[in-house]
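The block underneath contains the structure these notes are about, expressed in structure tokens.
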Amino acid sequence: MSLPELPEHDFESLFYEQQLDEDTTEITIAPKYIWTSTYSQKQVGALLDLCKNQGLSPHVAGSKLGMKKTAAYEFYNEALRNPAVLPGYKLASEVHRGNNRKFGEDHRNFIDALVAWNPTLTIDEIHYQLSEAFPVKWS
């Protein structure tokens, strides 16, 4: 059984590009993708290189690089499904890490009013007041 051809990756697509006006384009350094794997980008790149250029199976290539068999196949299949992004990157908007809560406009207004009322508050005091005003609802 021969392995399918792996696509090339477009690393420039990992960054935002915004057209400011007709003559100016701004490249934002903040990536729209976040690296989520426990393996390094170098390991994943080497895995894909071994599969593509040396014809090794993901299992064999992964074992040479110290990867688990399932992880190697997941990276390989992800490269086939989405050739524009190096496997291991996820859209930042889709990554939910632990207790990461997003502030809304009401949170910002509350903090602004709190600091205007008492500009000498510490971060811990602001955090306490914020958590009192907006308790976390666990489902």
Would you grab the residues whose amide H sits under 5 Å from the one on Tyr33? Only those 5+ places off in sequence or on another chain, please, with H modelled 1.01 Å from N.
-> Ala92
Label point distance in nm, Lys68-Ala133, each placed 7 Å from Cα along Cα→Cβ | 4.3
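Only the coordinates and a few stated rules stand behind these numbers; no lab work does. Being a predicted model, the structure only gives us computed values, none of them experimental. Here Cβ is always computed from backbone atoms with ideal geometry, including for glycine, and neighbour counts include all displayed protein chains.
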